[in-house]
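Step one of this worksheet: look at the structure below.
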């Protein structure tokens, strides 16, 4: 795909970033990678930051899927994601022209069974991975190329999920509030697919400063048990 530099004033900026963070406002401004993106781009005017958040992400995200936001594209992003792409506006607009729900990485197929932990990269064959994401740890950065990008997907990682609100409203789709901080992305994507919405990943340069080690927590295991009870039938 070729991206052309265009007059920024001609771009449709009907997207809105949403970040729910456990950090206080001061902590967010001092420590959040997404805040670095806001500082560089002045995108705070197109963003909502929920500070000191203790509610589940599904509950928070669902408050933005409303008739008031029908004509918007909402992008739910983790607070440890830094967008480094100079052409992020153009790419986001192009992605929403092609897909109803957009992300950065995921898979085209998955297998749901009690023997497989419900994480998208474990539920899917390596050949079905799509997208790419930058990572950082101990001041070292690298890019993980999962597979083709600008590709259809069945599952999308929750670090970055963009939605066309009108499509969700028309299909009566929301995030499953049985899930707070884990598996909300997998269940949302499975339900979106059941509602025949088009999901896809696109090439956006970001660096994710979280490495997915939450799978080692009791909270993740409890959520996985709930997933198996509700979705493994």
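Can you give me the relative contact order of the chain as a percent, contacts being Cα pairs under 8 Å and 6 or more apart?
Here the relative contact order equals 25 percent.
Within 10 Å of each residue's Cβ, count the other Cβ atoms and sort 126, 205, 70 from fewest upward.
Values: 126 9, 205 17, 70 14.
Least to most surrounded, the residues fall as 126, 70, 205.
Starting from 0.36 nm per residue, how many nanometres of slack lie between residue 55 and residue 70 once their C-alpha separation is accounted for?
3.1 nm
Give me 75, 50 ranked fewest to most by other Cβ atoms within 10 Å of their Cβ, as a rough exposure proxy.
Working: 75 21, 50 16.
Lowest to highest Cβ neighbour count: 50, 75.
Order these by the 10 Å Cβ neighbour count, fewest first: 206, 201. Provide the component values of the computation, followed by the final result.
On the way: 206 23, 201 30.
With the sparsest Cβ surroundings first, the list reads 206, 201.
Where is the GNM fluctuation largest for the chain (alpha-carbon springs, 10 angstrom cutoff): 74, 140, 83?
Taking springs between Cα atoms under 10 Å, the residue moving most is 140.
Give the percent of DSSP beta bridges with both residues in the stretch 14-231 that are antiparallel, rounded to the nearest 5.
Percent antiparallel among DSSP bridges in the stretch 14-231 is about 65.
Rounded, prolate or oblate, given the Cα gyration tensor of the stretch 183-233, with a/c below 1.5 counting as rounded?
Oblate.
Sort the stretch 14-231 into rounded, prolate or oblate with this rule: let a ≥ b ≥ c be the square roots of the eigenvalues of the Cα gyration tensor; rounded if a/c is under 1.5, and if a/c is not under 1.5, prolate when a/b is larger than b/c, oblate otherwise.
Note, shape of the stretch 14-231 comes out rounded.
Given R₀ = 22 Å, FRET efficiency for residue 14-residue 63 by Cβ-Cβ distance, to 0.05?
Working: r = 19 Å, r/R0 = 0.85.
Working from the Cβ atoms, E equals 0.75.
If each of residue 145 and residue 216 carries a label point 7 Å out from its Cα toward its Cβ, how far apart are those two points in nm?
2.9
All of the numbers you see were taken from the coordinates with simple rules; none came from a lab. Keep in mind it's a predicted model, so treat the numbers as computed, not measured. Backbone-built Cβ (ideal geometry, glycine too); neighbour counts: all protein chains shown.
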